[in-house]
1. Every residue in the stretch D:689-704 that is assigned to a helix (DSSP H, G or I) and surrounded by fewer than 19 Cβ atoms within 10 Å (Cβ to Cβ), please.
2. Take the residues of the stretch D:249-277 that are of a type in the set (A, V, I, L, M) and touching a residue at least 40 places away in the same chain (Cβ under 8 Å): which is farthest from D:Ser771 (Cα to Cα)?
3. With the checklist (1) touching a residue at least 12 places away in the same chain (Cβ under 8 Å); (2) farther than 22 Å from C:Ser302 by Cα in hand, flag the one item C:Leu253 doesn't pass.
4. All but one of (1) more than 7 Å from chain C (Cβ to nearest Cβ); (2) touching a Ser or Thr at 6+ places or on another chain (Cβ under 6 Å); (3) open to solvent by less than 10 Å² (accessible area, probe 1.4 Å) hold for D:Asp397, so report the exception by its number.
5. Please go through the stretch D:190-201 and pick out each residue that is within 9 Å of the chain's Cα centre (by Cα) and farther than 13 Å from D:Met673 by Cβ.
6. Limited to the stretch C:300-317, what total is found for residues that are surrounded by 17 or more Cβ atoms within 10 Å (Cβ to Cβ), free of Cβ contacts under 8 Å to residues at least 12 places away in the same chain and charged (D, E, K, R)?
7. Filter the stretch C:151-198 for residues that are part of a strand (DSSP E or B), within 8 Å of chain D (Cβ to nearest Cβ) and under 26 Å from C:Gln287 (Cβ atoms); which is farthest from the chain's Cα centre (by Cα)?
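The values are calculated or read from the model by the stated rules, or taken from the named source; none is laboratory data. Since this is a predicted model, take the numbers as computed values, not measurements. Cβ placement follows ideal geometry from the backbone for every residue including glycine, while neighbour counts extend to all protein chains displayed. Side chains included, ligands, DNA and RNA excluded: accessible areas come from the protein's heavy atoms. Shrake-Rupley method; radii C 1.70, N 1.55, O 1.52, S 1.80 Å.
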Amino acid sequence: MRRAGGLIGLTSMMLTACSPPAIDSGTADPDAIARGKAAAYRLGCGACHAMPGIDWPQGRVGPPLAGFGDRALIAGELPNRPAPLARFVRDAPALIPGTTMPAIAMSERDARDIAAWLSSLHDE
Amino acid sequence: MRTWAILLGGLLVWAGHFFALYGIGEFAGESAASRGAVLLLTASGLAADAVLAWRLLPLSRAGEFMRWRARVALGGLALSALAIVWQALPALIG
Amino acid sequence: MTSRTEPLAAGGWPPPVLDPAGPFAESVTTLAWVLLLGGGAVLVIVLAMLGIALFGPPRLKTRLGGERAIWALGFAFPAVVLTGLLIWGLTLTSSLSATRVAGDAMRVKIIGEMWWWRVHYQDADGREMLRDANELHIPVGRPVLLELEAADVIHSFWVPRLGGKMDMIPGRTNRLLIQADAPGIYKGQCAEYCGGPHALMGFIVVAHSPADFARWRASRLPESAGAGRGLALFLSSGCAACHTIRGTPANGLAGPDLTHVGSRRTLGAGILPNNPGTMAGWIADSQAIKPGNRMPAYHQFSGDELRAVSDYLVTLK
Amino acid sequence: MRSETGFDPALYDRFPTKEPRPEGEEEELRRIWCKPKGWEYLTVVNNNYVGIYYLGTAFLFFLMAGVLALLMRAQLAAPMLEILPQATYNQVFTMHGTVMMFLFAVPAVEAAGVLLLPQMLAARDLPFPRLSAYAFWAYAVGGLCFFASIFVGLAPDGGWFMYPPLTSKAYSPGINTDFWLLGIGFIEISAIAGAIEIIVGVLRTRAPGMSLDKMPIFAWAMLVFAVMIVIAFPSIILGTLLLEIERAFNWPFFDAARGGDPLLWQHLFWFFGHPEVYIIFLPAAGMMSMIVATVAKTELVGYRLIVLAMLATGFISFGVWAHHMFTTGMPPMTTGFFSAASMAVSLPAGLQVFSWIATLAIGQRSFNAPGLFVVGSIVIFVTGGLTGVMVAMVPFDWQAHDSYFIVAHLHYVLIGGMVFPLFAAFYYWMPMVSRRALSERLAKWVFALMFAGMNIAFLPMHLAGLQGMPRRVYTYLPGQGFELPNLVSTIGAFMLGLGVLLFLIDLARNFRLAPGGGNAGNVYDGATLEWLPSELYSARSIPVVRSREPLRDDPRLAGDVAKGRHFLPGSATGHRETIVTSPLLAEPQYLQIMPGPSAWPFAAAVFTAGFFLALTVQAYSFAWVSAILAVVSILRWLWETDRPVRDEEVDIGAGIMVPTYVTGPASHGWWTMVILLVVMAMIFIMALFSLAFLASNQPAFWAPPPSMAAGLPIYFLYGAAFLAALAARPLLKRDARWPVGLFFASAFAAGSALWLDWTGWSAAGLAPQASGQGAVIAALQALQAFAVGTGLLMAAYCAARVARGLMTQPRSNTVDLAMLFLCYTAAQGLTGALFGRAIGMT
């Protein structure tokens, strides 16, 4: 199952890589952004990442996520677009084998919401 | 000394009652016998309060200071009697 | 079954003390309401008297300004009210007292540690049946007799919606009755200051319907130790010195038993949701999440190894 | 009762005197009670100075502990902030509680007593001015060093209640905990010293005619306060001693694994800790009663009921300590006793509150600064009292205990019951010690900010508690609904802080120290004696008191007093002096000659504090040197006292002659020694209780004690020690030299008895490290050894005075006091030997 998901992820990443940004964070649904933040908190992403607007936890294992929307790449390897991001947060090892970030069980909608929220994070 | 004994009479009875009850609870534990002891102590505490009150009651007997002393003491006896009754309740209800 | 992340988003309203979920908490809630409303009423009365004393008509002022009023309001009135309250309080204390209840209550021994909880389920004879940590599973509608002990310093067990708190004191076994009448997850917290991260010493009680509870019990009896790279790393990295996973050589006793850690809803004693991500974060640097806790940060794992260990642990259902 | 001492009250009618006073009398008073210069400010003993120093230092600690509170509120303003890291927060909340309770509240009210009582009682000073100075300096030096521990991260972090085993060596290995245990040590000494001073002062130095029923209510409050300190503090003295011994020498008093019990600490701590709350509240309530009557421009309604309420509070507050322990698993009947007593203690509070309301009702309404704080205090205190009744209900307490509900409750009680009354008192009595009164206009703002801030800060905490927020948490997780109440609380706390800041500004603008002379005077029209025109010697002459509110009932009194028409219009002996009166009716008994300024109390205090602090940082040699220097300083200061006096009888006004020296039970020295012995006896009784408690709770660890019969030589030796000390006094009356040897005999007999006792226990196989029983038995022996050692020191001191010819009097107070102490030592030893053998006897 996991491997299959990974393949789908890779394929879709290849497809989107060639097209212009599908969703600009500025136009993302504000509800989705709010839901994404809540989901990230609920799932405890803070155990590894310091996240803006979430006081605790502020883990130091992974990179801090402030200004994530401005970054070019996800984990230094994938283009930073909402769609691959949504897949990455759900099942990182499938996209980047050898990454530290484990696959985390969440609904697809949670993943999309979290991606929307992360994409909305800009440096001041 | 006599003045202090009068002023503090009721409160001293209270103190004797309370610490005896605490001693029973702490060192003898809960049993029918200790409940009985609590009730016995309560009866004697109330009796002591009553005796003290009885001895104070003719208020008009003496001078200003002694009347004052007796009235403070009577208040102390009232408080003492109420507190003693309250302290007996755990042995009845508990 | 309630969502696994619910305990971290309880919201605080209505206040758990006033929102009981079982008979033992409920009788206290009734008392609490009477006390809060009655206390409020008395406060209003006293303030009204103060208002009369300052602004009232001379006739009322005169009546308030004598020893008779002082005796009536300062002694007689409270004496009557307090006598009633005292009788109620004593009756309730006696009926809630776990020292006098035995019956068919389920028995669980919970031992407070700095800063987490050991949970030992017992059978009717007090023999230990299974061990867990930081999470208590109970069937609804049945009283549960908790035997509370402490391994190091004084802690206090408190699940506001299920009952009052009871201290865990070294050298003593205290008893507390709790009961939940509806399935759900009930948040608890150590209430006695126990040093360091006392603030982050939480736990949860999971109440199941009787059928679900039986299923949960059954799922606990076989030990699903698993195998593979995650376990190998767990054993070779020193984790086993503190943690037990039954069915494997890991038999450390200092930290929580991890035999079923994957099925727990929380990590770090009731403070984090439990998933492979938070598990990895906790293993790699729990000090960033719960400063001062006794588990060191495991910086030596590579990303791949860390994932292997955390993926392995969450499979321990 | 017409007369208590045989004094004829008709003599009072000679006052005010009519004859003109001799020239230069007032100048002589002024010279004797002169102002200090330069370094002499360190050696002053006059209550006008020491009281101000004391109160100022206490207020400084209030400000510093308040800053700690604001830091905590900042940290808790939102979930999981890191303004204060966890370890720092745990130190800060521990220090906040400790400093507020031990370094602010008790010293502040004690300071108010030192400052106000002599004036209110129209005495020249408290009976032991050097003891006041010692109490103050020990507190100030030690307290400031103790507070400094927070700046170096060494502050205690076990909570102000210091529960073991968290505070035992295993879980608190650093010296932080020792800072608490030893830091509290000298504060205890200082509090006890002050309490002894206040008891003797109130009972023996009142103006002639001021019988108990005419005493200002504040004096009643301070009397009950001081007696409560004498009864309650020994418990914490013993507790801290035992815990420090456990930490230092591994004697397992509180270690359940070796027959100790952590609950023993909770009993010892709360037997002190709950009366402590009333110890703080009563003096403040006394101030309230004084202020409320003046503000309402009337007499205090229910004076008698307030006296009753204070006495009753003093008693019943000793029956409520275990309501802090309802969740420790005590059996229901026992919790019931404490629940009932906790209810009972609210009745006297009700009497006081309604007495104040009644006074306001018959009086005139005026919202001046003290008036505002009085009304605010009533509102806040009543709220705290009501939540107090709630938590006295055992089942409710199971939910509320150790939650923020309690934090709210205790702050309502303490702020309403102590802080607001103290601010009322600041405004009210400031004109007595300052050349300018504080600003009434600013006071409205100070009050508004403090009152609103207080409620905004603490009202939401009730909710946070019901939401399940526990106390003593350095942070909390988001999503539990704690965010809003905590944010509101933080805002309120800063408002409260702003109010206090505004008060400080006012203080800086208007406070101009004027001890004696040149003060702002009777701004609020108070009717008690502290509003007599006063100088450093207090009032020029000591008035005959004929009513409770003499200045209102006799408008000419102030003038007469200032013209010297009452008692002691000048100095009768050329020394500092005051009239000692009888305890009930205040009939003049004798003239006490008082010691003047001295550097020795200051030195003794510095070395006492040095001893405790050096012990804390484990500089043992420095500690012992300090201890010896402290003892030497105290002996040196005493050496100057109890001297033969030139005039045996003097005229204290209108031809009334009194002696200048009295020995035996009528002397104030005798009273003081008896009170000190009560303190020692309470410490010993608490130790005996500890033994019985452990025997009852840890029977498995109990070894059979040596037999009663084997103790016969011990009982005999203690009996001999008692008789030897007793016999010395009448024999010294005949020959002032050799019988002093009997004191040595007594001390040696007691020492031998102690040695025999200890060998008996050792032979029974008891070792202090081995079990709780061994530890407590050894602690009892250590207490006895301390008494024997002190007795020996006293014998040597008497011998030295005999050698120097300082005991020429047929009898001397020094002899009396040594006799009392040695008799007590023998009795204590005998009790200990019997009790230890009786507990666990088979």
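1. Residues satisfying the conditions are D:Ala692, D:Ser696, D:Pro699, D:Ala700.
2. D:Val277
3. (1)
4. (2)
5. If the condition is that a residue be within 9 Å of the chain's Cα centre (by Cα) and farther than 13 Å from D:Met673 by Cβ, then D:Ser190, D:Ala191, D:Ile192, D:Ala193, D:Gly194, D:Ala195, D:Ile198 are the ones that fit.
6. Count: 0.
7. Ranking the qualifying residues of the stretch C:151-198, first place goes to C:Ser156.
Rundown of residues vs (1) in a loop (DSSP other than H, G, I, E, B); (2) within 9 Å of chain A (Cβ to nearest Cβ); (3) open to solvent by 40 Å² or more (accessible area, probe 1.4 Å), yes/no style:
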site: C:Ala240; (1), (2), (3): no, no, no
site: C:Leu253; (1), (2), (3): yes, no, yes
site: C:Ala284; (1), (2), (3): no, yes, no
site: C:Tyr298; (1), (2), (3): yes, no, no
